[in-house]
């Protein structure tokens, strides 16, 4: 294989900073695998959850991270038909067309380093063919990571899970990268009101720019649930989406939903944290459900969304508000957790990348 070694951010221990170190790539690509030079990566809340151990002890440590990125294909493995060398691609965690290959076998300090079908906190990535979608060469690779999760999940939840209709009311709790795209999607469907809820005022200001008609800061508003009722009406909203995974917030979202409305869960609670609900309304039309990344098809959706962006229908430039190098990824993660960045953080992996 053309590339022998790379720099990568490694999760060695939960609730500890990632370790930046040199990783050895396998000598050849396996059936259905594709080698990509990763140019840019996003940082999703899922990775923050992995680092924090939200789902409990991690049996795969140490391992690589990241599931939304962009790059250029360096080499393709046996039987790969949908991707070729030189293609510009989005790396996405939901499967699309193509082979689902075995995860790559990297080595770190002479021992096996675990990785899934896709990782993006690394200069190069061996990716399963079905986790890649080609994009036009002229499309900016710096923006393309948003299509790996933030855009496809955000719009997918609106289209596929909420099934939002014109004129319906919606409350979106958590205005991070995914939530901001939900707001854009709700605006495109002419929902009203569109209420953005978040703990950080900088995110709420950006939410307004992207289409939120009302904002509520649930760290400053002591009775934020009733503040929302005053906006959407005493019966509640047609759609309420939780991006936080906080069980108390989830309970509030359920209560804020109309008797025949839809509560959609995107955020995942910590293992062992349970939600207590009065379930009778579920027998009479109320919906309480989760989503798996918007339940879309990235092979189709990414092309459709890029077309919409090119037509000026959706806007992504304002969503990226901070950029960091791979060496500063722990700083970036800390800034996200503290709420010091309004929108999406992008990691630049090409600035110091070199063939090894």
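Observations on the model:
- Angle in degrees between helix 177-188 and the longest Cα principal axis of the chain, rounded to the nearest 10: 50 degrees
- Difference of contour (0.36 nm per residue) and Cα-Cα distance, residue 109 to residue 13: 33.0 nm
- Full extension of the segment from residue 61 to residue 20, taken as 0.36 nm per residue of separation minus the current Cα-Cα distance, would add 13.3 nm.
- Residue 5 versus residue 100: modelled label distance in nm, points set 7 Å from Cα along the beta carbon direction: 3.5 nm
- Cα-based helix-to-principal-axis angle, 247-256 vs the chain, degrees rounded to 10: 50 degrees
- Taking every DSSP helix (H) stretch of at least 4 residues in the chain, weighting each as -39,500 (n - 2.57) and dividing the sum by the residue count yields a mean residue ellipticity at 222 nm of -6500 deg cm²/dmol.
- Between 152, 279, 133, the GNM of the chain built on Cα springs shorter than 10 angstrom shows 279 fluctuating the most.
- The calculated FRET efficiency for the pair residue 289 and residue 81, based on their C-beta separation and a Förster distance of 35 Å, comes to about 0.50.
- Inter-part distance, the range 162-199 to the range 93-142, computed on C-alpha centroids, equals 31 Å.
- Springs between Cα atoms under 10 Å define the GNM used for the chain, and in it the highest mean-square fluctuation of 56, 261, 69 occurs at 56.
- Note on residue 223/residue 202: beta-carbon distance plugged into 1/(1 + (r/R0)^6) with R0 of 25 Å gives a FRET efficiency of 0.65.
None of the figures in this text is laboratory data; all of them are computed from the coordinates on show. Just so it is clear, the structure is predicted and the values come from calculations on it, not from any experiment. FYI the Cβ positions are ideal-geometry reconstructions off the backbone, even for glycines, and counts take in every protein chain you see.
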